[in-house]
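Structure first, then comments.
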Amino acid sequence: MKRTDDDAGDDDPRTDGGTGEMFGDSEITAVTRRQRARETFDESVIAPFKVAWADWRTKVALLILGGFVATALLVWLHQAGYTLLNDALRLFGSPWELEAPRSPVGITDERRSVRPFENWQYPLGTFDNGVDILSALLWATPSMLQMVLAGGVFSTAMATAVGTVSGYKGGTVESVLNTIVDIAMSIPGLPLVVVLVAIIRPSSPYVIGVLITINVWAGLARTIHSQVLSLREQSYVEASRTMGISTPQIIRTDILPNLMPYITVNFVYAARRVVYDSIALYYLGLLGGGMAENWGVMLDWAYNLYNALTVSGKAYMLLAPMVPIVALSMALILLSQGTDRLFNPRVRTRHAGETVQEDDTDREVNPPA
Amino acid sequence: MNWYLKRTGQALFTLWAVVTVAFVLAWNVPGSLVDHMVDRIVQNSNVDPEIVRESIESRLMFDPEASLLEGYLTYVSALLEGDLGYSFVAGQDVSTTLAEAVPWTLLVMSLATLGMFAISLALGAIMAYREGSWFDIANTFVGIVTTSVPYFVAAFLLILWVGYSDAPILELFPPRGRRPPRVDPGFTVAFVWGALRHAVLPALSYLITGYGLLALSMRGNSIQTLGEDYVRVAELRGLSSRRIALRYVGRNAVLPLYTSLLLSIGFMLGSSVVLEQIFQYHGVGYWMYEAIDATDVPLMMGTFIVITVCVVIATFVADVTYSMLDPRIKSGDQGEAY
């Protein structure tokens with residue numbers, strides 16, 4: 001956004017071309033700050049999104065995850081008292097309505113174990129205790145996403161901090177941190193979480209998410225550690241060190257950007273662990289009570305309470321919660337498979353629409369397929 | 001320092017740390033959980049609550065009234081003698097219960113691990129050699145799909161499949177229990193065969209859902225190794241393709257999978273809590289479930305310690321074998337400190 005000639009003419013009559021240009025220059029630098037902000041936005045949000053979108057795996061993953069987030073928002077609003085979803089459904093005359101998945105009081109027999117696709121008041125059927133399966137499926141999404149978010153952020157932050165510091169510092173710091181990582185890695189996750197949850201009895205989804213990943217970060221820390229070991233010997237890192245740049249700054253500017261692929265991929269794996277383990281905890285009956293607040297509770301009801309696999313014609317109770325579990329897990333896997341492209345600088349700039357001068361030697365070694 | 005000595009020391013240190021963690025957790029529990037247990041027992045029988053409480057507290061591993069250090073010392077010395085306390089659910093000593101259960105869990109775990117590594121290494125290598133072919137693409141797709149299925153979902157689906165198919169399969173792969181009824185334990189063909197048949201479905205649940213990622217990373221590693229200069233040199237030297245495939249490509253592509261092996265051992269032993277409940281397979285995980293269900297603290301801590309000890313030992317064995325494959329690990333040159 002350059003200053004137009006009119007403006008320059010109005011403000012200060014120029015005696016010669018020189019001063020006007022000088023002013024113009026400084027004005028331009030003032031504007032470029034905004035431009036720079038836009039460029040950063042382009043580079044860090046739009047370009048990665050374009051690259052991600054170009055890969056079918058990330059596209060599918062983002063679509064599925066977007067669906068989960070949208071559902072979670074609607075259900076969360078409903079739980080908070082804004083019944084947007086039900087209002088909209090009523091507007092369209094839908095026989096089904098979202099309701100809290102607890103056994104209704106004064107339940108009639110025609111509400112018990114309705115088979116799916118028979119009564120549109122309960123599209124996916126009901127359990128023996130009259131809980132509507134579709135409502136229960138949706139009800140679980142907000143807390144599941146909260147757990148995933150908390151667990152993913154906690155384990156990623158923890159692992160990145162421990163992995164980079166131990167890898168870069170070396171010496172005693174490294175041995176101490178490595179020992180901690182080794183111990184954390186050799187304590188099997190689920191039993192530890194089971195014991196912790198049995199003692200703490202958490203109810204906030206955020207706390208559950210963090211508890212589940214209490215030792216998941218260790219595996220990631222080890223990966224990052226070994227990456228940093230090779231990175232710190234790179235010549236540009238050595239150059240920064242010789243220039244006397246402080247360790248935290250070297251880690252931030254030279255080391256961390258190169259670790260992004262590992263960090264995102266492992267965020268996704270941590271998220272997957274949270275999904276698996278939280279469902280396992282609810283399935284085992286350690287969390288929750290009385291209400292189908294998680295897909296694990298539904299599995300528990302179907303398999304242990306209502307014998308869905310031994311009584312014929314009840315398998316739908318068990319199959320229904322499997323659909324969102326597998327969908328969410330698949331979205332995460334696809335995301336982790338697709339994101340490594342995000343961090344390949346060459347793919348990235350090509351997608352941003354810039355022309356890249358690829359060196360010819362590279363072409364010779366890897367001829368385009 | 002000798003690498004083996006160092007590694008053994010580390011394993012022992014880990015064991016100590018785990019025991020301490022278990023103690024700290026157990027120390028924080030008693031009050032409420034003992035009350036809970038007393039309530040449970042008093043509900044079902046009309047015994048004097050105080051007598052029940054005393055008998056429960058006498059069977060805890062330490063005196064809850066004692067000081068922290070004293071409790072810790074009694075706890076550790078009891079553990080060193082192999083005493084894990086008394087389980088109310090099992091009706092016998094925790095150590096007896098678990099000693100009998102551990103081999104069954106290990107059977108399932110080793111079947112799953114061996115099967116998984118055999119399949120995914122072979123599959124990954126073939127996929128890498130035929131990169132871009134329909135075989136590669138189809139298997140990548142199948143791998144991603146199967147990886148997305150959690151192990152417990154696979155377990156339910158397997159039970160569903162076995163339950164709905166014909167009787168012969170149901171008899172071949174029984175979905176419940178760990179050994180055939182009316183067969184005496186011992187090294188007889190009938191018993192071993194029966195135990196293997198019962199272990200198949202739990203092991204398959206791990207295998208089907210775990211092989212995909214491993215095969216994909218084996219594929220990636222092999223493709224990367226195939227592009228290395230030393231493979232080209234080996235080809236130019238006219239070495240047999242069998243030797244190149246096994247010694248040059250295979251060995252180097254397998255090494256990075258080592259961390260996956262370690263993690264999968266811990267993951268499998270950990271998730272036995274859920275899987276053994278589903279299959280009613282009386283291993284360590286099953287007892288942990290029973291312990292949680294009845295809030296039986298000694299059994300819960302006992303299973304936790306035993307599962308962790310299994311993981312530590314398995315990791316130790318894997319580390320020692322790995323050091324034979326890759327001598328670099330023993331040199332342990334980590335570079336200078338900054």
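The values are calculated or read from the model by the stated rules, or taken from the named source; none is laboratory data. For clarity, every value in this text was computed on a predicted model and none was experimentally measured. Virtual Cβ from ideal backbone geometry, glycine too; neighbours counted across all protein chains shown. Accessible surface areas use protein heavy atoms only, side chains included; no ligands, DNA or RNA. Shrake-Rupley method; radii C 1.70, N 1.55, O 1.52, S 1.80 Å.
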Quiz item: In what sequence, largest accessible area first, do A:291, A:317 appear using a 1.4 Å probe?
Solution: A:291, A:317
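Give, in whole angstrom and from largest to smallest, the semi-axes √(5λ) of the equivalent ellipsoid of chain B, with λ running over the eigenvalues of the Cα gyration tensor.
On the way: eigenvalues 385, 159, 51 Å².
They are 44, 28, 16 Å, listed largest first.
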Self-check item: Proximal charge balance of residue A:146 [Cβ under 15 Å; K/R count +1, D/E count -1]
Solution: -2
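Quick one: if you take sqrt(5λ) for each eigenvalue of the C-alpha gyration tensor of region A:108-179, what semi-axes come out, biggest first, whole angstrom? It would help to have the intermediate numbers written out before the result.
Details: eigenvalues 544, 21, 11 Å².
The three semi-axes for region A:108-179 are 52, 10, 8 Å.
Using 1/(1 + (r/R0)^6) with R0 = 30 angstrom and r between the beta carbons of residue B:2 and residue B:76, what's the FRET efficiency to the nearest 0.05? Present the calculation step by step, with values, prior to reporting the outcome.
Values: r = 27 Å, r/R0 = 0.91.
Computed FRET efficiency for residue B:2 and residue B:76 comes out at 0.65.
May I ask you to derive the relative contact order of region B:103-292, considering only C-alpha pairs under 8 Å and at least 6 residues apart, and to give it as an integer percent? Numbers along the way, then the final one.
Numbers: 209 pairs, mean separation 62.5, N = 190.
The normalised contact order for region B:103-292 reaches 33 percent.
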Quiz item: Are there chymotrypsin sites (Phe, Trp or Tyr not before Pro) in region B:119-218 that DSSP marks as loop and that have at most 14 other Cβ atoms within 10 Å, and which are they?
Solution: B:187
Practice problem: Report the label-to-label distance for residue A:84 and residue A:256 in nanometres (one decimal), using points 7 Å from each Cα along the Cα→Cβ vector. | Solution: 3.3
Quiz item: Under 5 Å between amide H atoms, partner at least 5 residues away or on a different chain: which partners does residue B:87 have, H built in plane at 1.01 Å?
Solution: B:92, B:93, B:94
Practice problem: With runs of 4+ DSSP H residues as the only contributors, calculate the mean residue ellipticity of chain B at 222 nm using -39,500 (n - 2.57) per run, divided by the residue total and rounded to the nearest 500. | Solution: -24500 deg cm²/dmol
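How charged is the neighbourhood of residue B:242? Take every other residue with its Cβ under 15 Å from the Cβ of residue B:242, and add Lys/Arg as +1 and Asp/Glu as -1.
Counting the neighbours of residue B:242, the net charge comes to +3.
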Quiz item: Helix by helix, which DSSP H runs in chain B go 30 Å or more along their axis at the Cα atoms and have an average Kyte-Doolittle hydropathy of -0.5 or more?
Solution: B:3-28, B:94-129, B:189-226, B:297-325
Quiz item: P(r) for region A:247-344: what percent of alpha-carbon pairs falls in each 10 Å bin, starting at zero?
Solution: 15, 31, 24, 16, 10, 4, 0
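Where Lys and Arg each count +1 and Asp and Glu each count -1, what net charge lies around residue A:270 among other residues with Cβ under 15 Å from its Cβ? Mind dumping the intermediate values first?
Numbers: positive: A:222, A:272, A:273; negative: A:277.
The answer is +2.
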Quiz prompt | Sequence of B:293, A:109, A:55 when ordered by accessible area, the most exposed leading, probe 1.4 angstrom | solution = A:109, B:293, A:55
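In what order, largest first, do A:229, B:325, A:286 sit by accessible area if the probe radius is 1.4 Å?
Values: A:229 40, B:325 80, A:286 10 Å².
Result of the area sort, largest leading: B:325, A:229, A:286.
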Self-check item: Separation of alpha-carbon centers, region A:224-300 and region B:240-278, rounded to whole Å
Solution: 21
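With a probe of 1.4 Å, find how much accessible area chain B has per residue, and write the answer as a whole number in Å².
Working: 16620 Å² over 338 residues.
Here the residues of chain B average 49 Å² of exposed surface.
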Self-check item: Distance in nm between pseudo-label sites at residue B:190 and residue B:16 (7 Å out along the Cβ direction from Cα)
Solution: 5.1
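Suppose all protein chains stay in the model; what accessible area per residue would a 1.4 Å probe give for region A:244-317, in Å²?
Values: 2550 Å² over 74 residues.
Heavy-atom SASA per residue in region A:244-317 reads 34 Å².
Remind me, relative contact order of region B:193-338 in percent, using alpha carbon pairs under 8 angstrom and six or more residues apart? Before the final figure, lay out the partial values.
Details: 80 pairs, mean separation 25.3, N = 146.
That works out to 17 percent.
What accessible area, summed over both chains, is buried at the B-A interface (1.4 Å probe, Å², nearest 100)? Let's see the in-between values first.
Details: alone 18880 and 20820 Å², together 35190 Å².
In total, chains B and A hide about 4500 Å² from solvent.
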Practice problem: Could you tell me what percent of the accessible area of region B:103-292 is made up of carbon and sulfur, with a 1.4 Å probe and every protein chain present? | Solution: 66
Quiz item: Under the definition of Cα pairs under 8 Å and six or more residues apart, what whole-number percent is the relative contact order of chain B?
Solution: 25
